[in-house]
Amino acid sequence: MLHSGAAAVTPGIRSTTDAAIAAEAEHSPHNYHPLPVVVSTGEGAWVTDVEGRRYLDCLAAYSAVNFGHSHPRLVAAAKAQLDRVTLTSRAFHNDQLGVFVTELAALAGKDMVLPMNTGAEAVESGIKVARAWGYRVKGVASGEANIVVMAGNFHGRTTTIVGFSDDPDAYNDFGPFGPGFRTVPYGDVGAIAAAIDENTVAVLVEPIQGEAGVIVPPADFLPGVRELCTRERVLMIADEIQSGLGRTGATFACDLVGVVPDLYLLGKALGGGIVPVSAVVGDADILGVLRPGQHGSTFGGNPLAAAVGTEVVRMLAGGEPQERARMLGARLHERLGALVGDGIVAVRGAGLWVGIDIDPALGTGREFCERLMARGILAKDTHGQTVRLAPPIVVDEADLDWAVDELAAVLSEVSDR
Ligand SMILES: *Cc1c(COP(=O)(O)O)cnc(C)c1O
């Protein structure tokens with residue numbers, strides 16, 4: 001008899017897992033290379049696959065599931081709204097949007113919230129707003145605006161955004177791309193200063209670069225960018241889509257260094273892992289440049305999204321998720337730090353968010369993630385050797401400890417090979 005959790009595979013008949021993977025591979029383009037696990041349910045920090053195996057989710061959908069799977073408060077908010085009304089379009093008002101934008105603006109200490117759906121749309125919207133502000137307020141010559149962006153950036157997958165990526169996988173064969181972006185090394189205020197001219201409207205920066213491998217800039221970088229942007233009358237736009245909303249132990253990663261950008265770009269966790277919700281958050285002197293008919297989205301600000309987003313904001317307003325990420329993050333960094341030298345080259349990050357560089361002699365990040373998966377832990381590699389851990393903030397301390405123990409076990413397993 002098979003013990004519970006083991007796959008029941010009859011010879012000649014594909015397992016449920018293989019069948020699901022095959023169906024996806026046949027009818028969906030291969031623009032991802034997922035680990036061979038087929039998730040069917042999730043609760044808190046844990047997911048269960050179609051064959052009943054349980055895994056600790058240490059990716060949390062790239063921080064979109066910061067509050068865990070099926071959080072009771074978020075599910076209740078969504079269900080209540082499902083029974084009322086879900087979509088009205090912005091041609092009419094709905095009774096949820098005003099609450100959402102008021103409470104999110106208060107959380108961020110800003111006047112206004114421009115609601116959108118995906119992260120990439122928030123970035124696109126931020127670019128449009130910055131350009132319109134440049135022409136209408138700063139007085140930049142028509143069609144001449146430029147925006148300074150960082151090497152190694154990840155801001156999404158639309159054609160404008162991949163046009164200023166320096167990852168060939170992101171941009172190759174997807175051009176031609178529009179002008180108006182200048183790339184400088186990440187972490188170098190002097191390089192930004194050199195790139196700024198009278199037509200610069202914004203500096204677009206991730207406070208911590210997530211996709212690049214959880215890259216934390218020097219402590220004086222963001223304060224330096226803030227000072228420079230103020231001096232040069234350029235908007236500082238912080239893409240907090242992955243770093244924001246509790247992940248780093250603060251509401252925004254910018255808070256960790258006492259910096260307030262002109263615009264926050266938010267997404268991922270803002271939708272509570274239930275619906276896509278994104279936003280550009282800033283003051284009225286910037287977001288107020290948009291006039292009727294100049295920007296929009298059929299689904300942006302819909303009542304279902306607003307109801308879930310409001311509940312997310314209320315959870316963060318209490319400060320508990322941030323405090324928990326800070327506390328558990330300190331423990332995670334301390335325990336992983338002790339493994340540096342034993343097959344781990346470096347550990348970086350903030351709060352409950354780490355990038356672990358695996359010694360190439362022990363194998364790739366992907367191989368490492370496959371071994372973690374076999375032990376019941378789901379994580380994602382990035383850029384070859386880096387394994388990224390970003391468990392839901394609701395993760396139990398004991399489960400987190402267990403994950404580190406399993407990671408250490410994988411390290412000794414591969415070094416003994
Ligand atoms: C994920 C991400 C985006 C894009 O968000 P999507 O919802 O996938 O469009 C943009 N910026 C950062 C920093 C991200 O991590």
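Values quoted throughout were computed directly from the atomic coordinates according to the rules given, and no laboratory measurement underlies them. Please read all numbers here as calculations on a predicted model, not as lab measurements. When we count neighbours, we look across all protein chains shown, and the Cβ atoms used for this are built from the backbone with ideal geometry, even at glycine.
Observations, loosely collected:
- Test item: Cα-centred dipole of segment 128-284, Lys/Arg +1 and Asp/Glu -1 on Cβ, debye: 440 debye
- The alpha carbon convex hull volume per residue for the chain rounds to 163 Å³.
- Diffusion coefficient of segment 72-318 by Stokes-Einstein, Kirkwood radius over Cα pairs, 20 °C, 1.002 mPa s: 117 µm²/s.
- In the elastic network of the chain, a GNM with C-alpha springs shorter than 10 Å, the most mobile of Ile21, Ile377, Ile237 is Ile21.
- In order along segment 221-231, phi translates into HN-Hα couplings of 5, 5, x, x, 5, 4, 4, 5, 4, 4, 5 Hz, rounded to whole numbers, per the Karplus curve 6.51 cos²θ - 1.76 cosθ + 1.60 with θ = phi - 60° and x for Gly and Pro.
- Seen against the Cα atoms of the chain and their longest principal axis, helix 320-337 is set at about 60 degrees.
- Between Thr200 and Asn146, the built amide H atoms are under 5 Å apart, and every one of these is 5 or more places off in sequence or on another chain.
- Computed from phi, the 3J(HN,Hα) profile of segment 56-71 under the Karplus parametrisation 6.51, -1.76, 1.60 (θ = phi - 60°) reads 7, 7, 9, 10, 6, 6, 6, 6, 6, 10, 4, 9, x, 6, 6, 4 Hz, with x in place of Gly and Pro.
- Within a Gaussian network of the chain (alpha carbon springs, distance under 10 Å), most fluctuating of Ala130, Ala191, Ala307: Ala191
- Ratio of the Cα radius of gyration of segment 127-167 to 2.2 N^0.38 Å, where N counts its residues: 1.32
- In this structure, the amide hydrogen of Val394, modeled 1.01 Å from its nitrogen in the peptide plane, lies closer than 5 angstrom to those of Gly68, counting only residues at least 5 positions away or on a different chain.
- Taking Cβ atoms as reference points and 10 Å as the exclusive limit, the residues near Pro207 contribute a net charge of -4, counting Lys and Arg as +1 and Asp and Glu as -1.
- Exposure proxy for Val340, Val281, Val149: other Cβ atoms within 10 Å of each Cβ, ordered fewest to most, give Val340, Val149, Val281.
- If you wrap the tightest convex hull around every Cα atom of segment 114-218 and split its volume per residue, you get 108 Å³.
- Using every pair of separate Cα atoms, the Kirkwood estimate puts the hydrodynamic radius of segment 304-417 at 15.0 angstrom.
- Segment 83-198 - percent relative contact order, Cα under 8 Å, separation 6 or more: 19 percent
- Highest average first, the peptides 382-391, 151-160, 329-338 ordered by how many other beta carbon atoms sit within 10 Å of their residues are 382-391, 151-160, 329-338.
- DSSP beta bridges confined to segment 72-318 are antiparallel in about 40 percent of cases.
- Considering segment 69-144 at the alpha-carbon level, its Rg and Dmax are found to be 16.7, 51 Å.
- Using alpha-carbon coordinates, inclination of helix 119-133 to the longest axis of the chain, degrees: 10 degrees
- Acute angle (nearest 10 degrees) that the helix 397-415 long axis makes with the longest principal axis of the chain, alpha-carbon atoms: 70 degrees
- Residue by residue, segment 377-393 carries 3J(HN,Hα) couplings of 10, 9, 9, 10, 7, 8, 6, x, 9, 9, 10, 9, 10, 8, x, x, 5 Hz when phi is fed to the Karplus relation 6.51 cos²θ - 1.76 cosθ + 1.60 (θ = phi - 60°); x denotes Gly or Pro.
- Along the axis of the charge dipole computed for the chain (Cβ charges of +1 for Lys and Arg, -1 for Asp and Glu, origin at the Cα centre), the listed residues Val65, Val404, Ala78 are led at the positive end by Ala78.
- Choice from Val313, Val345, Val123 showing the highest fluctuation, given a GNM over the chain with Cα pairs closer than 10 Å: Val345
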